[in-house]
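Quick note: the coordinates plus some simple rules give every number you see, no bench work behind them. Not measured: the values here are computed from a predicted model. Cβ placement follows ideal geometry from the backbone for every residue including glycine, while neighbour counts extend to all protein chains displayed.
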Ligand SMILES: [Zn+2]
């Protein structure tokens, strides 16, 4: 009796977990997605996803767990690079990859079941939070480096103004002055 009335006066409030406990680390997502997009390097002429062992090592270095089929990884990476470069999705490609929803302190969050799933979940978070629109690929033919545009008005074109941007400026200057 006393117990019931005391509860009625001062009910114990069980606070639901707040979103703070699953606060997402976008920098980590950005870094992971950029690293995945940059597994091919036009400047060095290297391709990590040519070889299953290299891909496996790439996944192990980042603690991403099991490395799935390297060909699937390459197809997904190329598809994502095309989407970033041209702002379109390549036609006729319906690539899907299984991921899972986990409850983290009662809050559902997406999680990968393998390395590729983890990369895709990070990319999906960037899409849903509009960080994806800041991912760009440098248009210099011998660079094609994926980078994150942190400029205030999202105006960055080149991976680095000091390297590709200035190189491009010098090239167009030379072209203008040699054709004259
Ligand atoms: Zn560049």
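Taking every pair of Cα atoms in segment 20-178, average 1/r, invert it to obtain the Kirkwood radius, and report Rg/Rh to two decimals. A ratio of 1.02. Any idea how far the Cα center of segment 118-175 sits from the one of segment 62-87, in Å? Answer, in whole Å: 18.
Judged by the mean number of other Cβ atoms found within 10 Å, the most tightly packed of the peptides 138-148, 59-69 leads the ranking 138-148, 59-69. FRET efficiency for the pair residue 96 and residue 152, taken as 1/(1 + (r/R0)^6) with r the Cβ-Cβ distance and R0 = 30 Å, rounds to 0.25. Gain on full extension, evaluated as 0.36 nm per residue between residue 162 and residue 54 minus their Cα-Cα distance, stands at 35.8 nm.
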